[in-house]
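Report on the following structure.
Read-outs throughout are calculated quantities, based only on the coordinates presented, and are distinct from any laboratory measurement. Since the model is a prediction, treat every value here as computed from it, not as a measurement. As a convention, Cβ positions derive from the backbone with ideal geometry for all residues, glycine included, and neighbour counts pool all protein chains shown.
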Amino acid sequence: MKFFDTHCHLNDDAYREDLEEVIGRARQEGVAYLLVPGYDLPSSVQAVELARQYEGVYAAVGVHPHDAITYNPAVEKELLRLLADEKVVAVGEIGLDYYYNHSPRERQQEVFRRQLALAEAADLPVIIHNREAHQDLFQLLQAAGKKYRGVLHAYSGSKEVLPGFLALGFYISVGGPVTFRNARKLPEVVKTVPIDRLLLETDAPYLTPHPYRGRRNEPAYLIHTAGRVTEIRGMSREELAAVTTENALRLFPRAAAAFPARN
């Protein structure tokens, strides 16, 4: 039983003192494969360095909507260089965030489009951050048809808007909030999403699942999210591990190519 944490920020300062132990605990719990996304240029470089250092760790590079104001031609050139690395499996974390608006909305949209173009040129999927921007995000993706592939990470939308994104070919990733005692929308999403489009993540060090809510999150805690998803879907952890890992490898073919022996 091997799980794939498709979104964990091991490049965050929260792990500066104990990264080796964090990775070790994940592997002890069966979370053997970890995808580390960037959120700006320095964190993207660090994600690639981690992927090169550790077996079973993969990277994504990109600029988060919070940092869209930092995006410029020099940053784009460096992202293009990083995308050539064989352990870089996606462009991300990119998208729109209308909750905090740390960057102007028009600038977020412009940078999102630029990075979608990078993904298209590199023939890589995208990892999308979406917070309170469902309509604009959907319209931007819909305008391109099925030109892009990727995942809506830490899905926060309702099951009502789910079909539109599924029709565009996107995967849906769920994390710790599905375990929260006050969770209402997300369990309904988990029931609704086709099993072959479902991914699991921690978004560590954020979105820590119950019973560790309020503490630093880490990839080992993915098993708590998995446990809740198995309850909702009525399947075993072994089945869930197998299908969600296969889903991740289908979405991220470079990870499949670099994947350790799968037996």
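Results for (1) touching a residue at least 40 places away in the same chain (Cβ under 8 Å); (2) in contact with a Ser or Thr (Cβ under 9 Å, 6 or more places away or on another chain); (3) on the phi < 0 side of the Ramachandran plot, shown as yes or no for each residue.
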site: LEU34; (1), (2), (3): yes, yes, yes
site: PRO42; (1), (2), (3): no, no, yes
site: GLN53; (1), (2), (3): no, no, yes
site: GLY56; (1), (2), (3): yes, no, no
If we take segment 190-263, then helices (runs of 4 or more DSSP H) inside it with 3 or more residues that are out of contact with any strand residue (DSSP E or B) (no Cβ under 6 Å at 6 or more places or on another chain) and over 24 Å from VAL91 (Cα atoms) are 222-233, 237-251
Exception for GLU132 within (1) crowded, with 22+ Cβ neighbours inside 10 Å; (2) under 18 Å from the mean Cα position of the chain (by Cα) falls at (1)
Those residues of segment 129-175 which are of a type in the set (D, E, K, R) and more than 23 Å from VAL63 (Cβ to Cβ) amount to LYS146, LYS159, GLU160
